[in-house]
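For reference, the structure I am asking about is given below.
The values are calculated or read from the model by the stated rules, or taken from the named source; none is laboratory data. Bear in mind that the values here come from a model prediction, so they are computed numbers and not experimental data. Note that each Cβ is placed from the backbone with ideal geometry, even for glycine, and that neighbours are counted across all protein chains shown. Side chains are part of the model used for accessible areas, which takes the heavy atoms of the whole protein and leaves out ligands, DNA and RNA. Shrake-Rupley method; radii C 1.70, N 1.55, O 1.52, S 1.80 Å.
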Amino acid sequence: MQRGKFITFEGSEGCGKSTQIKRFVEMLTDRGFETIQTREPGGTAVGERIRDLLQHDDAGSQLTDESELLLFAASRAQLVREVITPALERGTWVIADRFLDSTTVYQGGGRGLNIESVQQINAFAVGDTMPDLTILLDLDAATGHTRAVAATGDKPDRMESQPIAFFEKVRQGYLDLAASEPERISVIDASDSIEGVAAQIREVFETKFPDFDATK
Ligand code: Z5A
């Protein structure tokens, strides 16, 4: 049994991760792959409680930047051990809506926390479970924000309420990260149409895994 592949989707709010993950998973299923999807923060009973605190609970307004970092890491540490690593070991492909790069760019770049500390905490949280491929959906912050607000229509949550300058730092953080790890991170132009973005992702997938046979 081959180990499954671990593919993460990253990008700032409204960049189209959920839309593209749905299509990507359908494509993998059509080609015979076993898949599961995860999202962060969340994805386990513990992680969903943490998500609520980070995004919706009134107590979240008192979180310091350091506590916020540790809560994202705690949610991920639980998800890796309870869900992601066991699935990869049984040959299932794991498609993740956000993973450790989100912490690097939001808590490191966006909040301005010490980047070495952020990376150490990330490494501790994930252990050896690192993505085989990361799809970065790159979109300017203003367009992403407009899309996200139009999609939810209701009151923005704690993270969505950050000023636009925060999301500009996040975008730049992602692009810097992609430049430093070009083998793992593929940058996609997310301002393209939904079909156009899906076609770009399919091309990256076929280039990265040209001979992968789902039946073995
Ligand atoms: N966060 C963090 O700070 N640190 C961490 O370690 C982690 C996360 C893991 C999680 O938010 C928040 O936590 C997030 C980062 C922070 N904060 N922010 N902001 P979430 O899980 O609630 O949401 P999100 O990850 O930011 O995703 P999103 O805003 O829900 O958007 P999306 O999934 O990327 O996009 P979408 O739902 O697919 O599309 C949004 C809308 O745009 C929708 O109406 C689509 O139909 C439309 N769309 C999609 N693609 C297109 C194209 N190509 N053209 C036109 N319209 C499109």
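Restricting the search to segment 108-151, which residues are β-branched (V, I, T) and open to solvent by 70 Å² or more (accessible area, probe 1.4 Å)?
Taking segment 108-151 as the starting set, the residues that turn out to be β-branched (V, I, T) are 115, 118, 121, 126, 129, 134-135, 143, 146, 149.
Across segment 108-151, the qualifying residues are T146, V149.
Condition check ((1) hydrophobic (A, V, I, L, M, F, W, C); (2) touching a strand residue (DSSP E or B) at 6+ places or on another chain (Cβ under 8 Å); (3) modelled with pLDDT under 95) across all residues:
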residue	(1), (2), (3)
V126	yes, no, no
L133	yes, yes, no
D140	no, no, no
A150	yes, no, yes
S161	no, no, yes
G173	no, no, no
S180	no, no, no
V187	yes, yes, no
P210	no, no, yes
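Please list, ordered by first then second residue, the pairs with beta carbon atoms under 6 Å, 6 or more apart or interchain, first in segment 194-205 and surrounded by 13 or more Cβ atoms within 10 Å (Cβ to Cβ), second in a helix (DSSP H, G or I) and of a type in the set (K, R).
Going by the 6 Å Cβ cut-off, the qualifying pairs are A198/R23.
Return the residue satisfying two criteria in turn: it lies in segment 131-168 and is assigned to a loop (DSSP other than H, G, I, E, B) and closer than 25 Å to I201 by Cα, and of such residues it is farthest from the ligand (Cβ to nearest atom).
Pass one, segment 131-168, residues assigned to a loop (DSSP other than H, G, I, E, B): 131-132, 139-140, 153-163.
Keeping just the survivors that are closer than 25 Å to I201 by Cα gives 131-132, 139-140.
Details: P131: 13, D132: 19, L139: 8, D140: 13 Å.
By that ranking, first place goes to D132.
Taking the conditions exactly as written (within 11 Å of the ligand (Cβ to nearest atom), of a type in the set (A, V, I, L, M, F, W, C) and assigned to a helix (DSSP H, G or I)), does A125 satisfy them or not? Write out each step before concluding.
Numbers: within 11 Å of the ligand (Cβ to nearest atom): yes; of a type in the set (A, V, I, L, M, F, W, C): yes; assigned to a helix (DSSP H, G or I): yes.
Against the criterion (within 11 Å of the ligand (Cβ to nearest atom), of a type in the set (A, V, I, L, M, F, W, C) and assigned to a helix (DSSP H, G or I)), A125 qualifies.
Take D97 and tell me if it is within 16 Å of the chain's Cα centre (by Cα) and closer than 25 Å to D176 by Cα.
So D97 fits the description; yes.
OK, next. Need the failing condition index for V105 against (1) under 18 Å from R51 (Cβ atoms); (2) within 13 Å of the ligand (Cβ to nearest atom), just the number.
With (1) under 18 Å from R51 (Cβ atoms); (2) within 13 Å of the ligand (Cβ to nearest atom) applied to V105, the lone miss is (1).
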